[in-house]
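Chemist: Have a look at this one before I ask anything.
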Amino acid sequence: MDVSGLTISQVRDLLRCPDDIDAALLDILDADSRAGVRRLVLKERRRRKSVTAERARLEKMRALEKQLHERGLCRIAGVDEAGRGPLAGPVVAAAVILPREVVIPGLNDSKVLTPDRRSSLYARITETTVAHGIGEASAEEIDRINILQATYLAMRRAIKRLDVPPDHVLVDGAGVPGSPYRESAVIDGDAVSLSIAAASILAKVTRDRQMAAFHKEFPEYGFADHKGYGSADHRRALRVHGPCRIHRLSFNGVRSANHTGSAPEFSGTTGGTADEDGRPPRAGNVQTQLFRTGRRGENAAAAMLAKTGYRILRRNYRAGGGEIDLIVSRGPILAFVEVKTAAAKGFGPPEVRVTREKKRQIARTASAYLQRHPAPDLAPRFDVIAVHFGDGSPRIRHLESAFRPEI
């Protein structure tokens, strides 16, 4: 090709189709007397060097999968998680099976990518995969079975949601979740395996989007900014508002928050149940057991209310220095519900522990709620639900209009 008569603009247009330019033509352009042409050639050479380095990096990250492919294993699932360290929100895991020869430029450990880059790669990965699955374990499950076991639980759920069964599973970290398939633990797997890196991106983006949604429900904590991690702003919000329903009550940063609200009731043992895979809950200290039992009672009360036609508006609503366990509505009624839980005999009816000061606190919090969420067509009511955990199913009594508000 004779390029001597091309203008600099025409050379720039020519280099926009780099696949049509061979090394010999670049050498010719590089010998051009015009500095502008030589700068364009230098830019193209740097681009080609970057592309070559990226292909080499991706090929290196394919080494584990390639070894398994050579053993006749076709569907290799990479598994990774996001959210082991935060004080709030679920732990999320992803499982990804990539096509054998796929090339996704920029695919890397999610921790080294910007949010925008993760989002664009998320779209490319989900369009490209042979199969992918997302699993999670809630804050309640984390409190009940500990963060490590909850992480493995989320991973098993992600693997279970793959559309096709994997021949082998590569798991980021030092342990494996115990799925029904052959598994290998890979230290720093999200940096050395394409499949695990893809899973790390899906898990991270999914969890970040969940925390952004939780921010709309609990804006006072700033979840959209810190994603539940223990930032200074998050810890400050915990001291002011106390934990909400997605906080991990067994985590020290939550337990030690010196907030002004009330804690759930505790008496006796936790009576916790095993997770879906049969693992028993870990024994915790008294403070952890206190929160677990209170949360179990609130869950039982919320389930009973939902079955009887109530709509759950808020849980663990905090304002004005107090907390209301449940805010519900049904027909013309707006009920502010205090849940009292007992797990052993000898403590008397739980509802008698709604002291005069507690009633005043509930009334102040209800007033703050109504200021933020006016409901002129609804008639406010103050209820108490007593939950007792014995040997069998919980016994629940709902006391409607249990007390009048006191300020």
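The values are calculated or read from the model by the stated rules, or taken from the named source; none is laboratory data. Predicted, not measured: the structure shown is a model, and the values here were computed from it. With ideal geometry, Cβ positions are generated from the backbone for all residues, glycine too; neighbour counts draw on all protein chains shown. Accessible surface areas use protein heavy atoms only, side chains included; no ligands, DNA or RNA. Shrake-Rupley method; radii C 1.70, N 1.55, O 1.52, S 1.80 Å.
Chemist: Filter the stretch 285-313 down to the residues that are buried (at least 19 other Cβ atoms within 10 Å of the Cβ), more than 20 Å from residue 327 (Cβ to Cβ) and over 23 Å from the mean Cα position of the chain (by Cα), then identify the one that is modelled with the highest pLDDT.
Modeler: Top of the filtered list is 293.
Chemist: Within the stretch 144-166, can you find the residues that are open to solvent by 10 Å² or more (accessible area, probe 1.4 Å) and either over 13 Å from residue 95 (Cα atoms) or free of Cβ contacts under 8 Å to residues at least 12 places away in the same chain (or both)?
Modeler: 144, 146, 147, 148, 149
Chemist: Mind checking which pairs have a first residue in the stretch 296-323 that is farther than 24 Å from residue 390 by Cβ and a second that is surrounded by 19 or more Cβ atoms within 10 Å (Cβ to Cβ) and aromatic (Phe, Trp, Tyr), Cβ under 7 Å, 6 or more apart or different chains?
Modeler: Sorted first by the residue in the stretch 296-323, then by its partner, the pairs are 317/369; 319/369; 323/317.
Chemist: Here is a check on your reading of the model: is residue 370 modelled with pLDDT of 90 or more, part of a helix (DSSP H, G or I) and either exposed (fewer than 14 other Cβ atoms within 10 Å of the Cβ) or out of contact with any strand residue (DSSP E or B) (no Cβ under 6 Å at 6 or more places or on another chain) (or both)?
Modeler: On the way: modelled with pLDDT of 90 or more: yes; part of a helix (DSSP H, G or I): yes; either exposed (fewer than 14 other Cβ atoms within 10 Å of the Cβ) or out of contact with any strand residue (DSSP E or B) (no Cβ under 6 Å at 6 or more places or on another chain) (or both): yes.
So residue 370 fits the description; yes.
Chemist: Now a separate question. Could you say whether any residue in the stretch 191-202 is surrounded by fewer than 21 Cβ atoms within 10 Å (Cβ to Cβ), more than 13 Å from residue 87 (Cβ to Cβ) and touching a Ser or Thr at 6+ places or on another chain (Cβ under 8 Å)? Spell out how you get there, then give the answer.
Modeler: Within the stretch 191-202, the first condition is being surrounded by fewer than 21 Cβ atoms within 10 Å (Cβ to Cβ), and the residues that meet it are 191-192.
Filter again for more than 13 Å from residue 87 (Cβ to Cβ), leaving 191-192.
Okay, now just the ones that are also touching a Ser or Thr at 6+ places or on another chain (Cβ under 8 Å), so none.
No; the residues of the stretch 191-202 include none that is surrounded by fewer than 21 Cβ atoms within 10 Å (Cβ to Cβ), more than 13 Å from residue 87 (Cβ to Cβ) and touching a Ser or Thr at 6+ places or on another chain (Cβ under 8 Å).
Chemist: For the stretch 373-392, give me each residue that is touching a helix residue (DSSP H, G or I) at 6+ places or on another chain (Cβ under 9 Å), open to solvent by 30 Å² or more (accessible area, probe 1.4 Å) and more than 22 Å from residue 320 (Cα to Cα).
Modeler: Passing the criteria: only 388.
Listed here are the residues, each with its yes/no results for (1) modelled with pLDDT of 85 or more; (2) open to solvent by 40 Å² or more (accessible area, probe 1.4 Å).
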site: 235; (1), (2): yes, yes
site: 242; (1), (2): yes, no
site: 267; (1), (2): no, no
site: 277; (1), (2): no, yes
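Chemist: Can you work out which of the residues in the stretch 12-22 that are at pLDDT 75 or above and touching a helix residue (DSSP H, G or I) at 6+ places or on another chain (Cβ under 9 Å) is most open to solvent (accessible area, probe 1.4 Å)?
Modeler: Among those that are at pLDDT 75 or above and touching a helix residue (DSSP H, G or I) at 6+ places or on another chain (Cβ under 9 Å), it is 12.
Chemist: Taking residue 159 and the conditions (1) more than 18 Å from residue 65 (Cβ to Cβ); (2) under 18 Å from the mean Cα position of the chain (by Cα), which numbered condition does it fall short on, given that it satisfies the others?
Modeler: (1)
Chemist: Further, regarding this structure: Using beta carbons and a limit of 8 Å, which pairs, at least six apart or on different chains, have the first residue in the stretch 112-133 and in a strand (DSSP E or B) and the second one acidic (Asp, Glu)?
Modeler: The qualifying pairs are 131/163; 133/163.
Chemist: Say we look at the stretch 314-331 and pick out the residues that are basic (Lys, Arg) and under 27 Å from the mean Cα position of the chain (by Cα); which of these is nearest to residue 362 (Cα to Cα)? Steps first, please.
Modeler: Of the stretch 314-331, the ones basic (Lys, Arg) are 314-315, 318, 330.
Subsequent filtering for residues that are under 27 Å from the mean Cα position of the chain (by Cα) retains 314-315, 318.
Values: 314: 14, 315: 13, 318: 10 Å.
Residue satisfying both the conditions and the ranking: 318.
Chemist: A further question follows. Among the residues of the stretch 224-243, write down those that are in contact with a Gly (Cβ under 7 Å, 6 or more places away or on another chain) and not charged (D, E, K, R).
Modeler: Matches in the stretch 224-243: 228, 229, 230, 234, 237, 242.
Chemist: Sticking with this structure for a sec: When residue 163 is evaluated against the numbered criteria (1) assigned to a helix (DSSP H, G or I); (2) of a type in the set (Asp, Glu); (3) at pLDDT 95 or above, which criterion, by number, is the only one it fails?
Modeler: Status for residue 163: all satisfied but (1).
Chemist: Does residue 345 meet the test of being open to solvent by 40 Å² or more (accessible area, probe 1.4 Å), of a type in the set (Lys, Arg) and at pLDDT below 90? I'd like the intermediate steps shown before the answer.
Modeler: Values: open to solvent by 40 Å² or more (accessible area, probe 1.4 Å): yes; of a type in the set (Lys, Arg): yes; at pLDDT below 90: yes.
It is true that residue 345 is open to solvent by 40 Å² or more (accessible area, probe 1.4 Å), of a type in the set (Lys, Arg) and at pLDDT below 90.
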